[in-house]
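Have a look at the structure below, then the notes.
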Amino acid sequence: GSPFFSKAVRELLRNPDDAALGAAVRQRLEVICEAYRYRDAVLANADGRVLLSVKQDPHLLAPEAQQTIEDALKNNRIVFGDFYRCSLCGGVHIDVAAPLTDDDGRHVAVVIFRIDPEAELYPLIQSWPVASETAETLIVKKEGDHVLFLNELRHKKGTALALAIPLSRTDIAAVRAVGTEEGFIEAKDYRGVEVLADFHPIPGSPWVMIAKVDKDEILAELRYHAGVAVLFALLLIMLSGAAIGFLFVRRQKSMYHDLYAAEKQASEAKDEFLTTLQSIADAVITTDTQGRVRYMNPVAEALTGWTTSESLGRPLSEVFHILHEKTGQPIQNPVEAALETGSIVALGNETVLISKHGQQRPIADSAAPIKDETGVIIGVVLVFRDQTERRAAQNALVQSKELAERYLDISAQIVLSLDAAGKIVMINNSGCQLLGYQREELLGKDWFQTCLSEADRPRIREAFDRLMKGEEEVVTSFENPVVRKDGSERVILWHNAILKDEQGQPTGTLSSGEDITDRKKAEEEIRRARQDWEDIFQAISHPTIIIDTEHSILNANRAILKAAGMSLDALRGMKCYEIFHTSAAPPPMCPARLLVETGTTTTVEMEMEALGGYFLVSCTPVLDNEGKIAKIIHIATDITDRKRMEDEREALRAQLVQAQKMEAVGTLAGGLAHDFNNILQVTLGYAEILLMDKAFPDAYRTHIKMISESSRRGSDLAKRLLVFSRKTKVELRPIDLNQCVMDARKLLERTIPKMISIELFLEDDLPSILGDPTELEQVLVNLAINARDAMPDGGRLTFETRRILLDEEYARTHYGCTPGQYVLLAVSDTGVGMDKATLNRIYEPFFTTKESGKGTGLGLSVVYGIIKQHGARIGCYSEVGKGTTFKIYFPAADAPVKQTVSEEAPVVGGTETILLVDDEPAIRDLGARLLTNAGYEVLLASNGKEALDIYRAHRDRIALVILDLIMPEMGGKQCMKELLAMNESLKIVVTSGHSANGVSEEALNLGAKDFIQKPFELRRVLRQVRAVLDAPSA
C-alpha cells in the first residue's frame, strides 16, 4: 500500500482524537471503495478494535470477521476471506484484510475491505445470455460433512450460506462437484431434478462453480435448438468463471454426438442426410447451379424467416438477403461466387442477414460447390451461423476488457506489460500521463529505447534478456529512473511478475510502478538534512554527546572522541559518567540528572578528570511527540583557561587589595610619624640645647641625657614607620648584593645563637642592583631575627642569590610586576612556619605573633617599606611545621659598583636673616633659639600667608626661608610657589615629618634647595643651613 497512507494511519493511532487526520484517512478509504466497488472499508487496530469505517456503521466487525484479521496478522499478508453471513446485520460478506506495520515491522493496524456478493457477484453468476427456464449457476464449497451453497438459488430462496446437503448424497451434482470429479456430468440438483452440469474449482479458493440446466429442457424435441443455446450459454459462463473453455468444447462436441444419435433413433423415417442437416446447429441452404433454393434446414428457416416450401425454386438472393454490417451496402451472393470460382467462398465477419420479417442478424457463412462423382458442379451448399450470441459474448469480453482497462486506468500506479522482445503491449493511463505520451505513441515501441536513459539502458536490458531466456529469476521489486517525453526523469518503484505460456516459457512481463520521485527527493532532503546536522554536530569544537535519560551514550562528536581517545563504537552504550568522571555513578551535581528531575536545560561548572580540566557542562532536552524527554544533548565547554584566568584575576585582586591595604596603612603610619616627629622635635631639641649649655648644672645632665636618648628611640620608631610608608628618602646606587649578604653574615654570626647554622648559596657574577646598603642590611637583619625567633630549638638559616628572568606570564599574574632580568634574594628558615591567616597580615605595622614585650611588630613592615622603595618585589612562602622562605626580586642594574666615603662638615653659624615658618609654636621657638644661638637673625611666621606678608616687608633682609610643608590655611608648597614668584633666586629649605618623597620631593623639584626631616639634629640643621647660604645663587 501507499507509504503515505500507512504513515497517516500510524499518526492516527498516536493521535486518535485528531479529527482532521481521521477525516483524511476516511476520505482515502472512500476513494478506494468507490474505485473497487467495495461495500465498506474498516480500519481497526491490531487487537481488532474498530477505529473508523467509511459507512460509519456501529456494527463494523462481526465475530465471523475476526478470523480473517487473525490470518492476515499471523501470515503478514493480504488475506481474501470466505463467504459468511454477518451475525450483526444479516448480510452476506466477503472480507479482504490487509495488515499495516510500523517502521520496525510491528503490526499496528488492519484495513478490512468488505465485498457485497449480493451486489457484485450473485448478479454476474445468475445472468444467462439466453432465455432458459431452468439454467442457473451455483457456487458451493465443502464444509465438514456437508456441501454448503454460497449464493441465492434460482428455484429456492433464502439458501445462501443456509442450504447444506450431506456429502452422502452422491446423486446430487453439488456433492459430486466438491469431491474428486471435475467436468460435465449428469446428476440431480438440490431439487432432486435430473440436470446436465459442468463444474470446476475456482483457483485460489475452496469454492466450486457449477453451471447446470434441466435435462428435460436440453432433450425436449420441440425445444432442441433452445437447449443448444442453453449449452452455449453454459459454456460462456464457465469460460468466464472458471477458465475451462477447451474442456467445455470437447464436452459440447460429445453432446452433439449424443444428441444426433438420440434424434436418429427417434426419427428413423427421415433419411440420414436430412437428419444430419436438421441436427446441426448451423443453418444450411442448398441451391442448384442457377442459384435457386432446393433445400433449407430448420435453422435456416428460423434465421431467414422463409419455410422450405416457400423458398423452393426461388433465387437465393430473395431468401438469403445480406448486407455489409457497417456500410449497409449489398454483398455479393456467396453462391454466385462459389459457382464462379468453383471453390469454397467465405464471407467476412461484418455480414448481416435480413430475414423475411426484417430482423437483422450478424452471421458467418461460407459457400461450397456440390460436385458429382465426375467433378461437375451440380449445386452449391451454403452454411451460415447466427453470430448473435457469439457477438454478445465477444461484446461481453470487450466490455470486460474495457472494464479491466478502466480499472487499470483509474489506478494511480503505472501498469505496464512488455513482450519477450521488450516491446510495450499494454500501458495504462497513469503510465501514459507520467511519461507524457499518448498510448498510441507507446504501444509496440521498444520500452528500453523509448523510456530509459542511455546510462541505465544496457544494464536493465541485459537483465531483461536474461529473464526472457530463463537464465535469471524475476526481481519482484526494484527502482530505476524513466525518461519522459520532454526529457525529464522520474524515479519509479517497480513490482514485477513474469508471464509464461502453457509450456512455462517466458512470454513477457507485467509490472506495476509507483512514482517515488517526490519521495526520493524528500528522502534525499531528509538525508541531506541529517548529514548537515551530523556535519554541524561533528564540527562543534566542544566535546558533545547525545545520551538517553539513563546516561547511556547514543552519539558523540569528533571532539569527544579525540579527547577520550576512543572510537564511537566503543563509546556508544557506555555511561557518560564512566567517560568524564571515571566513576560508577553520576556525580552529585550531574547536569543530566538535574535535567531529568527539572525538565529544563541545566548548566553546571565541574571538573572532568578524564578530560583534564574544568568544563562548563550544558544539558539540553530533546522531546518526543508526547513532550517527554527522549534524548539529552550534553555539551562540555572547556573553561580551564578561563578558570585559570579567573583564579589569576582573583589572585591579582587579592594582591591589589593587599597593596591598597598596605598603602592605606602606610599613609596612616606616615601621618602618625609626622605628628610624632613634631612632638619629638621639641623634646629632643630642647634637650640638646640644655646639654649644649655649659652653665647647666651637672646634676641634671644625666636626666637630660635620658630624655634625649628616649626621644631618639622614639624618633627611630617614627623613622621605621616612615620607612614602611615609604616616606623616607633613600639614596640608591649600584651595589653588590652578594657583598651585602656577606657583610650581614658577619654581624649575624655574633648575634644569632650557635644552634642556628647560617648557610650562603651565592651565584657568581651576579648583576648589580640599585640599592642602599644600610637599608638592605636592615632588611637582612630583620628577616634573620624573625627566622631566629621561629627556630627556638635551632635550625638552619639560608641566604641564596641568583639571576632570574621574570617573563610576561609571571608578570601577568603578579600585580605591579614588569617582565625582565631580576636578582633573587631568598632567605629561608626551618622554623615553625605560618598559617594562611598569619601570612595575610605579616606586613601590617604592629602585628606580631610574639609574646608581649618581645617585639614591636614593625620588623617586617620596615622590610616591606624598604623593598618597595627599592622597586623590588617580596613574597613569602610558608608551611606550618616546615619553615618559611622570603623571596625578594631586585631589578638587575648591571652598572659598576661604586664605593663612597662620607665626610662630616664642621658646624658653622652666621649673621644672615632667616625666615622660619612652622605652625607648631614649640618648633618655632626651638628653631629660633637654635639659629639665634648660632648668630643668625630669625623672623618667625605661623603659616604661609603670614610668611608672605613678612617676606614682602623684609625681602631685602631675608637670605633664607625655612618652610614647613604641612600647615593649615596655606600649605608650604603654595607658599613656596608665591615666594619664588616674588624672588625666583630666593633660597628655601623645606621641612617635614615625612621623608623627602611625595610632597617634599615635589617641593625640591619646584626650587627648594634642601630638605630637613623632623625630628632634626641641631648640628645637622646648622650644617645644612650654612651649606645652602654658602651655595651660589642660581
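The values are calculated or read from the model by the stated rules, or taken from the named source; none is laboratory data. Just so it is clear, the model here is predicted, and its values are computed rather than measured. Glycine gets a Cβ as well: all are built from the backbone with ideal geometry, and neighbour counts include every protein chain shown.
For the stretch 1-109, which fully contained strands (runs of 3 or more DSSP E) count at least 3 residues that are among the β-branched types (Val, Ile, Thr)? Walk me through it before giving the result.
Working: elements: 40-45, 50-53, 92-101.
Hits in the stretch 1-109: 92-101.
Tell me yes or no: at least one residue of the stretch 389-401 is among the hydrophobic types (A, V, I, L, M, F, W, C), touching a Gly at 6+ places or on another chain (Cβ under 9 Å) and surrounded by 12 or more Cβ atoms within 10 Å (Cβ to Cβ).
No: zero hits.
Going through THR830, THR848, THR813, THR818 one at a time, which residue ends up being exposed (fewer than 15 other Cβ atoms within 10 Å of the Cβ) and of a type in the set (S, T, N, Q)?
Working: THR830 fails: exposed (fewer than 15 other Cβ atoms within 10 Å of the Cβ); THR848 fails: exposed (fewer than 15 other Cβ atoms within 10 Å of the Cβ); THR813 fails: exposed (fewer than 15 other Cβ atoms within 10 Å of the Cβ).
The conditions single out THR818.
Tell me, which residue of the stretch 351-372 that is under 23 Å from GLN290 (Cβ atoms) and among the charged types (D, E, K, R) is surrounded by the most Cβ atoms within 10 Å (Cβ to Cβ)?
ASP365
Filter the stretch 484-531 down to residues that are free of Cβ contacts under 8 Å to residues at least 24 places away in the same chain, of a type in the set (A, V, I, L, M) and in a strand (DSSP E or B) and give me whichever is nearest to ALA463 (Cα to Cα).
Residue satisfying both the conditions and the ranking: ALA497.
LYS141 versus (1) in a loop (DSSP other than H, G, I, E, B); (2) over 13 Å from VAL213 (Cβ atoms); (3) not polar (S, T, N, Q): which is the lone unmet condition?
(1) is the only condition that LYS141 fails.
What are the residues in the stretch 761-780 that are out of contact with any Gly (no Cβ under 8 Å at 6 or more places or on another chain) and not in a loop (DSSP other than H, G, I, E, B), if any?
Within the stretch 761-780, PHE761, LEU762, ILE769, GLY771, PRO773, THR774, GLU775, LEU776, GLU777, GLN778, VAL779, LEU780 qualify.
Pick from the stretch 63-91 the residues that are of a type outside the set (S, T, N, Q) and touching an Asp or Glu at 6+ places or on another chain (Cβ under 6 Å): which of them is farthest from LEU13 (Cα to Cα)?
TYR84
Output the residue which, of all residues in the stretch 437-463 that are over 40 Å from the mean Cα position of the chain (by Cα), assigned to a helix (DSSP H, G or I) and hydrophobic (A, V, I, L, M, F, W, C), is surrounded by the fewest Cβ atoms within 10 Å (Cβ to Cβ).
Initially, the stretch 437-463 is screened for residues over 40 Å from the mean Cα position of the chain (by Cα), giving 437-450, 458, 461-463.
Checking which are assigned to a helix (DSSP H, G or I) leaves us with 439-442, 447-450, 458, 461-463.
Right, trim to hydrophobic (A, V, I, L, M, F, W, C) and you get 442, 447-448, 463.
Working: LEU442: 20, TRP447: 25, PHE448: 18, ALA463: 15.
Taking the candidates together, the pick is ALA463.
Here are some residues: ILE492, ILE536, ILE516, ILE547. Which one is crowded, with 16+ Cβ neighbours inside 10 Å and either in the same structural domain as LYS631 (by TED's automatic domain parsing) or closer than 30 Å to ILE579 by Cβ (or both)?
Among ILE492, ILE536, ILE516, ILE547, only ILE547 is crowded, with 16+ Cβ neighbours inside 10 Å and either in the same structural domain as LYS631 (by TED's automatic domain parsing) or closer than 30 Å to ILE579 by Cβ (or both).
Could you please find all residues in the stretch 413-436 being part of a loop (DSSP other than H, G, I, E, B) and touching a strand residue (DSSP E or B) at 6+ places or on another chain (Cβ under 8 Å)? Write out each step before concluding.
Within the stretch 413-436, the subset part of a loop (DSSP other than H, G, I, E, B) is 413, 420-422, 428, 436.
Within the stretch 413-436, GLN413, ALA420, ALA421, GLY422, ASN428 meet the criteria.
Residues checked against (1) among the charged types (D, E, K, R); (2) assigned to a loop (DSSP other than H, G, I, E, B); (3) in the same structural domain as GLU389 (by TED's automatic domain parsing):
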site: THR286; (1), (2), (3): no, no, yes
site: GLN290; (1), (2), (3): no, yes, yes
site: ARG294; (1), (2), (3): yes, no, yes
site: VAL299; (1), (2), (3): no, no, yes
site: ILE370; (1), (2), (3): no, no, yes
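When the residues of the stretch 183-239 are narrowed to those that are of a type in the set (Asp, Glu) and in a strand (DSSP E or B), which ends up modelled with the lowest pLDDT?
Within the stretch 183-239, the subset of a type in the set (Asp, Glu) is 186, 189, 194, 198, 214, 216-217, 221.
Those still in the list that are in a strand (DSSP E or B) too: 186, 194, 198, 214.
Working: GLU186: 86, GLU194: 92, ASP198: 82, ASP214: 86.
Of everything passing the filter in the stretch 183-239, ASP198 is modelled with the lowest pLDDT.
Quick check on this structure: which one of LEU960, LEU930, LEU948, LEU916 is crowded, with 17+ Cβ neighbours inside 10 Å, hydrophobic (A, V, I, L, M, F, W, C), over 26 Å from LEU684 (Cα atoms) and in contact (Cβ under 8 Å) with a residue 12 or more places away in the chain?
Just one listed residue meets the conditions, LEU948.
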